[in-house]
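First up is the structure itself, then whatever we jot down about it.
The values are calculated or read from the model by the stated rules, or taken from the named source; none is laboratory data. What you see is a predicted model; the values in this text were computed from it and never measured. FYI the Cβ positions are ideal-geometry reconstructions off the backbone, even for glycines, and counts take in every protein chain you see.
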Amino acid sequence: MGTVHGVYLKYVGLSALSLAGCWGLLKNSDGSKLPVAEAMQLVSRSLLTAGSDGSKGIGGSDTSDTDETLSFWWALSLAVLAYSAFLNALIAVLFKVEKGMGILGKDRKTGQIPGWSYLVFFPFHIPTFLYTQIHSVVFKGKLVVNEDGTKTRQPIPVATEVQPGWWVGGCHSDQLNKDWGGVIDLTVEFPESCINRTAAYLSLPAWDGVPARPEQLEEAAVFAFQASLSGGDVLVHCAHGRGRSTTVMCACLVKVGLYKNWLEAFEQGIKPQRPVCKLNRRMRQALQEWQRLYVDGNHDKKGQ
């Protein structure tokens, strides 16, 4: 979700907005604040005893007596906002400490996210989905000068062939309607859309902005090298094709011998073809460590 820098702050913001909504709802009829402990009791009683038409409050009494009753929908809104504040704060922490990538239940073999995940984690899934949809429509790529002298923003492709047979893209790469020799999926937040059009699939779920670990980079690079031997193109994708996927592609291009090191792979092999690609500090650190362990050490660049 979003850029590769400080992505967790978006979930901090969602948590803060949800919390602000809670405080806005915690008001008595005279405008005074309702104590949190009392509000929790009222919400619990209201949700358990409200009439099916949502018109009854605590104990089934008329909600017109706002000093003593709480409408069902008011209580539900407060409960949802409170849950959203908690969940998004938790996910922001997980982003920051780079843990809990499996919490959403994504299947590593099929790349699919189970239905229960959308129910349990809806305060995360809904804004993430909406942001990605809006981002794909609103966000434009580099500025280009047309033949008539006018300037326009070039749309960002869903995926870009950065080197012959090697593609970096986002979660909508299936729009290319292309068959792949291999797909490496870095998303934890989206189901894999190319699973039925690839000969080989590798899922390395990571929070947005969080790089694969050096050993995962090596696993992905070896997988990509082997997948390329089939003659099919290899796709490495995250949500938008900017950070996570770029990190892995750097390792892949070095592993197959196109570049000597990850920095050359990034600056010469990827960035010129897909200018939106970026690497944050943690991604660069992961690549440097991978380079030290698996390239500059005693490991065969194209080894198993």
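Residues checked against (1) among the hydrophobic types (A, V, I, L, M, F, W, C); (2) over 30 Å from F122 (Cβ atoms):
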site: T198; (1), (2): no, no
site: A206; (1), (2): yes, no
site: Q216; (1), (2): no, no
site: Q226; (1), (2): no, yes
site: L229; (1), (2): yes, yes
site: V234; (1), (2): yes, yes
site: C250; (1), (2): yes, yes
site: Q288; (1), (2): no, yes
site: V295; (1), (2): yes, yes
From V183, V210, residue being surrounded by 23 or more Cβ atoms within 10 Å (Cβ to Cβ) and either without any contact (Cβ under 8 Å) to a residue 12 or more places away in the chain or closer than 12 Å to T110 by Cα (or both): V183
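Results for (1) in a loop (DSSP other than H, G, I, E, B); (2) at pLDDT below 95, shown as yes or no for each residue.
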site	(1), (2)
V248	no, no
Y259	yes, no
F266	no, no
E289	no, no
G297	yes, yes
K301	yes, yes
Q304	yes, yes
Working only within region 109-125, note down all residues that are surrounded by 13 or more Cβ atoms within 10 Å (Cβ to Cβ) and either basic (K, R) or without any contact (Cβ under 8 Å) to a residue 12 or more places away in the chain (or both). P114, Y118, V120, F122
So, in region 108-134, of the ones that are at pLDDT below 95 and touching a Gly at 6+ places or on another chain (Cβ under 9 Å), which residue ends up farthest from A82 (Cα to Cα)? T132
For region 147-210, which fully contained strands (runs of 3 or more DSSP E) count at least 3 residues that are in contact with a Lys or Arg (Cβ under 7 Å, 6 or more places away or on another chain) and on the phi < 0 side of the Ramachandran plot? 201-206
